[in-house]
1. Within segment 35-49, restricting attention to residues that are at pLDDT below 95 and of a type outside the set (A, V, I, L, M), which residue is most open to solvent (accessible area, probe 1.4 Å)?
2. Restricting to segment 7-18, name every residue that is surrounded by fewer than 11 Cβ atoms within 10 Å (Cβ to Cβ) and in a helix (DSSP H, G or I).
3. I need a count of the residues in segment 19-34 that are at pLDDT below 95 and open to solvent by less than 70 Å² (accessible area, probe 1.4 Å).
Amino acid sequence: LLLTFAIAPVVSALKRIGIPRLPAVIASVLGAFAALALFSFVVASQVSDLAQNIPVYQINSLTKIRALKESGLGGGIISRSSRMKASEIRELLKLLDQPDIISFAGGIPDPSLFP
């Protein structure tokens with residue numbers, strides 16, 4: 001049904017230039033499926049390339065994070081998060097149980113998952 005709305009302008013344009021309705025519909029449907037197949041092929045090749053290079057991306061990310069920690073340039077979040085202990089996370093989650101605290105955080109993880 002959605003394909004009908006998508007190819008209707010193409011069919012109308014082909015009819016205006018003199019192509020009969022049935023060949024215009026067939027050409028439009030084949031063109032739409034060809035475009036969909038091309039898009040699927042491009043996405044599949046990109047996902048395949050990403051999957052093959054995940055170890056390289058992981059090593060690059062870890063190398064950059066270590067370099068930031070060692071250089072001291074990440075004085076903000078990186079240094080604070082590396083000093084944060086698991087018990088501090090539990091203490092923060094305890095605040096959510098207080099009746100006078102309104103939390104707008106969604107999807108709070110289960111506290112039993114923290115070390």
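1. 46
2. Step one: of segment 7-18, the residues surrounded by fewer than 11 Cβ atoms within 10 Å (Cβ to Cβ) are 9, 16-18.
Residues satisfying the conditions are 9, 16.
3. Within segment 19-34, residues that are at pLDDT below 95 and open to solvent by less than 70 Å² (accessible area, probe 1.4 Å) number 9.
The values are calculated or read from the model by the stated rules, or taken from the named source; none is laboratory data. The shown structure was predicted, so the numbers you read here are calculated from the model rather than taken from an experiment. Because the Cβ atoms are built from the backbone with ideal geometry, glycine has one as well, and the counts that use them run over all protein chains shown. Keep in mind that these areas ignore ligands, DNA and RNA; they rest on the heavy atoms of the full protein, side chains included. Shrake-Rupley method; radii C 1.70, N 1.55, O 1.52, S 1.80 Å.
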